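Each value in this text was obtained by applying a stated rule to the coordinates, not by laboratory testing. In this text the structure is predicted, and so the values were computed from the model without any measurement. We place every Cβ from the backbone using ideal geometry, glycine too, and count neighbours over all the protein chains shown.
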Amino acid sequence: MSSKQHETIYLEDYQPPAWLISHTELRFELEEEQTLVRAQLSVQANPLVSDKRRPLELFGDVDMELCRLSIDGEILEACDYQRKGDRLLIENVPESFTLECVTRLLPHENTALEGLYKSDGMFCTQCEAEGFRRITFFPDRPDVMSIFRTTLVADKALYPVLLSNGNPIESGEDGEGRHWVTWDDPWPKPSYLFALVAGDLAMLEDRYTTTSGREVALRIYAEPKDLDKLDYAMQSLKNAMRWDEDVYGREYDLDIYMIVAVDFFNMGAMENKGLNIFNTSCVLAHPKTTTDQGFQRVEGVVAHEYFHNWSGNRVTCRDWFQLSLKEGFTVFRDAEFSADMNSRTVKRIEDVSLLRTAQFAEDAGPMAHPVRPESYMEISNFYTLTVYEKGAEVVRMLHTLLGADLFRKGSDLYFERHDGQAVTTDDFVAAMEAVSGRDLGQFKRWYSQAGTPRLEVSDSYNPETCEYTLTVRQSCPPSPGQDHKQPYLIPLNIGLLAEDGQELYSGMLELTKEIQQFRFDNIASRPVPSLLRGFSAPVKLEYDYSDEQLLMLLSNDPDGFNRWDAGQRLCIRLLQQQMQRYRDGVPMTCPETLVTAWRQLLLDESLDPAMVTQCLRLPSEAQLAELAGVIDVAAIHDAREFMRKALAEALEQEWLMAYQRCDTGEAYSPDAESTGRRSLKNLALAYLMATGREPWLELTRQQYEQSDNMTDQLAALSLVAHSEFRETAEELLQEFYQQWQHESLVMNQWLAVQASDPTEGALERVKELAQHPIFDARNPNKLRSLIGSFCAQNLSSFHAEDGSGYIWLADWILKLDKQNPQVAARLLTPLTRWKRYTAERGSLMRAQLQRIIDTNELSADVYEVVSKSLI
Ligand code: B3K
Ligand code: ZN
């Protein structure tokens, strides 16, 4: 298809489906060279749609082979229907009938990893958002919900395990070494939740009894070599099931819950009804091969997909513009789960850091869109941080505004009203309105307006009357298609602290107007405001704090999140000052006040090591870039490196003491406390290495050799690999490769460590790695580890002055677009931000976008992103 023909779909054009499918029966004949799919659909006119002449509209991929189509047994000839692009239209059909459709698929040639494909010899599917139309012709839209019965037929020796949604009801053998299993899913579901798996898989089994007494078999499948890496996912699943009963009153609704791990997967995991399919990186975990971060990801993603069973599957989306209905709500649910399982404050800090770095950048870039987008060319491009993370913040604000009890009542009402339906974000808010009696009309602007709101806060104090006044002005910058924004309803949690740190007030302010004043009486002395506690809204807040005030908040604010935030504000300010010095050619400095504050944090053994780690981590280069007016990559890198080294040297003894204190020699456990200790230990080691002194290279090497877990081993490896000790770096990278070459997930880390190495020659190294036998360009995890890490985490190398990084990325995008458009469009993101960079770099980036769009036959995925970036 010529790029120019990609169609835009608009929310305002939504029409309910004219035809419904009560039952869908599928039969898959899985073979090595082809798969035949026979689909039988029970079709009825939608009683709620009055226009009875609307043709039956089915979707099917343009390249899918249609072998046979019949209505009530009568074969349709080519002239009885029309195929237009990915649509198939049949006119003059009866009120109710059976449609039979046979399609021929080539799963082994499916490199897009959408629909039915092969991952390492096993068959699997990915249907969200529009993958089902690559399997058969179907009204592939989420508001058509159907009861599915699926039969899989395959060679028994090659594919002993045959899985689909629901419960297995029948099975047998056909004599020629083939066997079959029929699965029945009693719950009506949209086609995007369909799944099948066929393979030679090992399985970990457990049981769970729900509060009301339903016995559920829990089964996690993986390749036999990975059977020892499934325990953590199983424990996480059981914890998530219990948590959803306790916190939301939601129970599981089938007799079996299955998870399957596959190595070729476009994203993290997929919540198919009763049969989740997971990227191996989000389900496999073992201390020897998985880092603490990896363990946390497994816990969070297993819970996320499980929670979708209610927020997404039982109640689903009316159309894809409503994606955040399920994703925003489910991310909020999984974040609260992880907060309850681990440290609440640390979880919040991690989530907010991601939001501020990546979502804020998205909201300020050419692809900025509201949480509920108004149009798209390719829906896959809208599985974004805005829909997921900002969407979760919007749900969190409802929770903050209503309070936990009313929010729970609202969620109960939402599930009760809409069970079995496909609904909208308005329906979700309506449930919250109904239980609270509040009009949330203004609040809904969070769903319809893009961009990150800005709060400018100023204050005044009258010592005579003891009155303190806060003035808050809200605004929101223009975003594509939205020049002017209306004021939002914003919950602003605050505290007022006396100079000595004592809390004088704490509470929530509700902002509704562009400018608002709040008066506080009986405030004995001028307070220091602690603003936006717990990050109560996804906004940028500005208040003119003095360094002393920030230091006071860093040590005294009862709100842990704001303690951290005060430290970050101070670091950002100091780093920005150094960036200015760098540009002015003046020597950079590291103020003594910061060193003193950090020393206190490092020496205070009563503090939670995980919190201390967060406080002593400098803001990332990506976050500093997001905050810059014009991004000057070299200034950011050099200022940050200067500061890191200065803090390393000034506190060398304290880093060593912290290292020794946290190096307890305890056996590995992924619990929050040990994870926190390891994080401080490895941060201390990183600062020691930043001094560039030999003894710390020895210590790091020792940790590398003696550690019994991947967290410590990988931390040591990456410190050496990114250091100036090139010989040892080569040696350890080689050793690590020898040790782990048969563990695909560990090799992803090995690639990522090298791709994010900022020392000289980075591009040559990644080019070489792309030729390495361990690298497989069809595997999205490998692509993300190598290309994604280089472009998004190695800013100084990717943005090399001669534009070589941009050319390399564009070459990859053009190659990948033919193979896997979803992944290509995603990897493209760093180039789309060209307007933010200094003129020379910006124009080199733009030139590569132009080169891409000048290419014929781009996918809708890449075309949409590039064309919007060039406006
Ligand atoms: N719902 C899936 C995402 C599907 C992405 C399709 N391109 C995973 C999740 O959010 O749980
Ligand atoms: Zn999700």
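So for segment 578-654, what percent of the C-alpha to C-alpha distances run longer than 15 Å?
In whole percent, the long-distance tail amounts to 61.
Within a 10 angstrom radius of the beta carbon, how do His772, His179 rank from fewest other beta carbons to most?
Ordered by Cβ neighbours within 10 Å, fewest first: His772, His179.
Evaluate Rg over Rh across segment 12-91, taking Cα atoms for both radii and Kirkwood's formula for Rh.
0.99
As a footprinting exposure proxy, order Lys390, Lys815 by other Cβ within 10 Å, with the fewest listed first.
Lys815, Lys390
Computed from the mean reciprocal separation of all distinct C-alpha pairs, what Kirkwood hydrodynamic radius does segment 297-410 have, in Å?
14.7
Does anyone have the angle between helix 633-650 and the longest principal axis of the chain? Alpha-carbon axes, 0 to 90°, nearest 10?
The two axes meet at around 50 degrees.
Do any of Lys444/Lys513; Lys767/Lys835; Lys645/Lys681 go past 19 Å between their Cα atoms, and which?
Table pairs above 19 Å Cα-Cα are Lys767/Lys835.
Using unit Cβ charges (K, R positive; D, E negative) and no other charged atoms, how large, in debye to the nearest 20, is the dipole of the chain about its Cα centre?
Dipole size: approximately 1500 debye.
In a shell of Cβ-Cβ distance under 12 Å around Gln739, excluding Gln739 itself, what net charge do Lys and Arg (+1) and Asp and Glu (-1) give?
My count for the surroundings of Gln739 gives -2.
Just to check, using Stokes-Einstein with a Kirkwood Rh over alpha carbon pairs, what's the diffusion coefficient of segment 470-617 at 20 °C and 1.002 mPa s in µm²/s?
124
More than 39 Å apart: what percent of Cα pairs in the chain qualify?
Above the 39 Å cut-off, the chain has 42 percent of its Cα pairs.
Would you mind putting 667-679, 255-267 in packing order, based on average other-beta-carbon counts within 10 Å, highest first?
Most protected by this proxy first, the peptides run 255-267, 667-679.
Give, rounded to the nearest 20 debye, the magnitude of the charge dipole that segment 246-391 has about its Cα centre when Lys and Arg contribute +1 at Cβ and Asp and Glu contribute -1 at Cβ.
I would put it at about 140 debye.
Quick one: helix 652-662 against the long Cα principal axis of the chain, what's the angle to the nearest 10°, folded into 0 to 90?
50
Any chance you could tell me what percent of the C-alpha pair distances in segment 128-175 go past 15 Å?
Cα-Cα pairs of segment 128-175 separated by over 15 Å account for 59 percent.
Going by how many other beta carbons lie within 10 Å of each one, how would you line up His418, His6, fewest first?
Placing the least packed residue first, the sequence is His6, His418.
So what's the angle, to the nearest 10 degrees on a 0 to 90 scale, between helix 547-556 and the longest Cα principal axis of the chain?
70
Report, as a whole number in µm² per second, the diffusion coefficient that Stokes-Einstein gives for segment 644-798 at 25 °C and 0.890 mPa s using the Kirkwood radius over alpha carbon pairs.
Once the numbers are plugged in, D ends up at 151 µm²/s.
If you take the charge dipole of segment 509-629 about its Cα centre, with +1 on Lys and Arg Cβ and -1 on Asp and Glu Cβ, which of Leu509, Tyr543, Trp564 is farthest toward its positive end?
Tyr543
Where the only charges are on Cβ atoms (+1 Lys, Arg; -1 Asp, Glu), what is the dipole of segment 176-244 about its Cα centre, to the nearest 20 debye?
It comes to approximately 240 debye.
Within segment 712-796, report the GluC sites (Glu not before Pro) that DSSP leaves as loop and that have at most 16 other Cβ atoms within 10 Å.
Counting only loop positions with at most 16 other Cβ atoms within 10 Å, the GluC sites (Glu not before Pro) in segment 712-796 are Glu724, Glu760.
Figure the gain on full extension for Arg53 and Arg573 (residue separation times 0.36 nm, minus the Cα-Cα span) and round it to one decimal in nm.
Contour length minus Cα-Cα distance gives 180.7 nm.
Using only the alpha carbons, work out the radius of gyration and Dmax of segment 2-155 in angstrom.
Cα only, segment 2-155: 15.8, 49 Å (Rg, Dmax).
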